[in-house]
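Asker: First, the structure itself, so that you have it in front of you.
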Amino acid sequence: MEEGKRKFLGEILQDIGLITKDKLETALTEQRRTGERLGSILIKLGYLNSESLYKALALQFGLEVISVSEYDVTQEVTDKVPSAVARKHKIIPLKFENNTLTIAMASPLNLLALDNLKIILNCEIEGLLATEEDIESSIEKYYGVREETIDDMLQELSEQDVSFVGGETAEEEGEGLSDEAPVIKLVGLLILEALRSRASDIHIEPLEERFRVRYRVDGVLQEVPAPPKRMEKAVISRIKIMSGMNIAEKRLPQDGKIRLSLLGKDIDLRVSALPAMHGESIVLRILDKSSLLLGMGELGFLKDDVKKFESLIASPNGIILVTGPTGSGKTTTLYAALNKINQPDRKLITVEEPVEYQLAGINQVNVKSEIGLTFARVLRSMLRQSPDIIMVGEIRDGETAEIAIRSALTGHLVFSTLHTNDAPSAVTRLIDMGIKPFLVASSIQAVLAQRLVRAICPECKSPYTPRKDEILQLEKSFKKKNIGKIQFYKGKGCSKCSQTGYKGRIGIFELLVLSSEIRTLIIQRTSSAKIREAACKLGMKTLRQDGWEKAVMGVTTLSEIERVTQKDMGL
């Protein structure tokens, strides 16, 4: 049994009513058989959860249970404890005052680590208790993957944890540079850290004097500790081999795809290599299949917009366009719409470049321009397949737009995307491509513009009152009065959101449904500004207005809406 200062752990658990005598006897019998710690056995048997165990341990050892996020941990404090020591003993330094270092530890029995630190630092050590999950997430936040810990972490990540599943055979030349086990494990580690950080992209960039790695988390790039410059070529070569690229070609851009089995989970990545001044810049897009299962409400649609959009995608024919810049979630919205209307009595065909996710029950075609398989050519052939619903990944030229419009006019429901800043601009963009205004007006059912904004972290969400100067700025920016009387929220920052105050993203939307009045304006070649003005009078919410509603609801912050939307778009 595990001994405390006064009582055994089992006695304390019984005293405070967390376990019965019979359950304790069962756990002790198991402990005598396996030699494991009593607390671990109790959790494994389902008699106790980790939170209750830590409370009991705190009572046993006279320690306080804390959350690391309650402390403002500085670089100066973390530098006092080497990363390797923090990882090995599962501790995190919190503060240093009056020659006393306060640390949080996952195990109160780790007295050896406390004694070693006391000798090394020549100071007093005060220990507090925190959950193992809290310690591990804090270590990743404050220490990351530094060069001094790469070897240690590579040893922890065995070859069985990361395995290459798919891709074409790479060129033999240069393989020796990237086939060494440490490099293979390091690339797997970079991907693993990105997944733990909820990143959507990994940016690997050779600079003149250093090797830079950045993760895009919730739409914002964050630099993370990178491997040393000397490993640059080996890492890039390994990624090119895994993605089926020509490792000898360093002068031209290349694209590839990786499928990994990482810790028993299949991961798909889309890879791009671009020759730059100091080497090839690599970007790995992590394809998150869980987003395919999202409903309209989970994407960020408000209730009234859900009803409008679901009635539109149930239309028998016409075009529904989704617009926005790269990375605004257009594909996710289209896939969610296709999943909603995918029924056995309907034939759905998509043409995409590339096909990022495979959808059950849907025929998907991958564009290959190098062999002449373009959007326009596939569209012509698709119509001979007698589909009910068509999705075109993107309308890029007049030919593709014309075929899509004629498909809609001949009884097909067509989904597609355009790169425009707002919904009304999509109409004028098609006309600029050479499509006659009356064809645009008669074929398009609706245009949905969207952006992604960061959502407030639910773990550290708290009421927030803007300062007076902020209120004046917000009233001017959003054209709203009495903002100071509205209760807003923001995230304080915690271990769950890496101290950012945000966790995850949701959409903000601008849904333009083409009424008879709007169609008349299109035929008259009216500017997008006047179409916008007319649509707003008819009840269209702009991106900025939709974002305002979500900020008032406490879903996101006004600063996020200001960051993502243009000021003149909400007027």
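The values are calculated or read from the model by the stated rules, or taken from the named source; none is laboratory data. Quick caveat: nothing in here was measured; it's all calculated off a predicted structure. Because the Cβ atoms are built from the backbone with ideal geometry, glycine has one as well, and the counts that use them run over all protein chains shown. Accessible surface areas use protein heavy atoms only, side chains included; no ligands, DNA or RNA. Shrake-Rupley method; radii C 1.70, N 1.55, O 1.52, S 1.80 Å.
Asker: Filter the range 223-256 down to the residues that are surrounded by 14 or more Cβ atoms within 10 Å (Cβ to Cβ) and in a strand (DSSP E or B) and list them by number.
Answerer: Answer for the range 223-256, where residues must be surrounded by 14 or more Cβ atoms within 10 Å (Cβ to Cβ) and in a strand (DSSP E or B): 224, 254, 256.
Asker: For the range 498-571, list the helices (runs of 4 or more DSSP H) that sit wholly inside it and hold at least 2 residues that are farther than 21 Å from residue 473 by Cβ, open to solvent by 60 Å² or more (accessible area, probe 1.4 Å) and in contact (Cβ under 8 Å) with a residue 12 or more places away in the chain; which are they?
Answerer: 516-523
Asker: Test residue 218 against the criterion of being among the acidic types (Asp, Glu) and modelled with pLDDT of 80 or more, and give yes or no.
Answerer: Yes, satisfied.
Asker: Quick check on residue 76: is it at pLDDT 70 or above, in a helix (DSSP H, G or I) and under 22 Å from residue 127 (Cβ atoms)?
Answerer: yes
Asker: Separate question: Only one residue in 434, 398 is surrounded by fewer than 18 Cβ atoms within 10 Å (Cβ to Cβ), under 25 Å from residue 532 (Cα atoms), without any contact (Cβ under 8 Å) to a residue 40 or more places away in the chain and touching a Leu at 6+ places or on another chain (Cβ under 9 Å). Which one?
Answerer: So the residue among 434, 398 that is surrounded by fewer than 18 Cβ atoms within 10 Å (Cβ to Cβ), under 25 Å from residue 532 (Cα atoms), without any contact (Cβ under 8 Å) to a residue 40 or more places away in the chain and touching a Leu at 6+ places or on another chain (Cβ under 9 Å) is 398.
Asker: If you check residue 314 against the conditions, is it out of contact with any Leu (no Cβ under 8 Å at 6 or more places or on another chain) and touching a residue at least 60 places away in the same chain (Cβ under 8 Å)?
Answerer: In short, no.
Asker: Here's a check for you: in the range 16-44, which residue that is assigned to a helix (DSSP H, G or I) and under 22 Å from residue 130 (Cα atoms) is modelled with the lowest pLDDT?
Answerer: Once the filter is applied, the top-ranked residue is 39.
Asker: While we're looking at this one, here's another question. How many of the residues making up the range 463-492 are touching a strand residue (DSSP E or B) at 6+ places or on another chain (Cβ under 9 Å) and surrounded by 15 or more Cβ atoms within 10 Å (Cβ to Cβ)?
Answerer: Summing the residues that are touching a strand residue (DSSP E or B) at 6+ places or on another chain (Cβ under 9 Å) and surrounded by 15 or more Cβ atoms within 10 Å (Cβ to Cβ) in the range 463-492 gives 7.
Asker: Return yes or no: is residue 371 surrounded by fewer than 22 Cβ atoms within 10 Å (Cβ to Cβ), among the β-branched types (Val, Ile, Thr) and without any contact (Cβ under 8 Å) to a residue 60 or more places away in the chain?
Answerer: Yes; evaluated as a whole, the condition is true for this residue.
Asker: So which of 362, 282 is open to solvent by 10 Å² or more (accessible area, probe 1.4 Å) and of a type in the set (A, V, I, L, M, F, W, C)?
Answerer: Exactly one residue qualifies, and that residue is 362.
Asker: Here are the criteria: (1) at pLDDT 85 or above; (2) open to solvent by less than 40 Å² (accessible area, probe 1.4 Å). Tell me which single one residue 99 does not satisfy.
Answerer: Failed condition: (2).
Asker: Let me ask another. Within the range 45-66, is even one residue modelled with pLDDT of 75 or more, open to solvent by less than 40 Å² (accessible area, probe 1.4 Å) and in contact with a strand residue (DSSP E or B) (Cβ under 9 Å, 6 or more places away or on another chain)?
Answerer: yes
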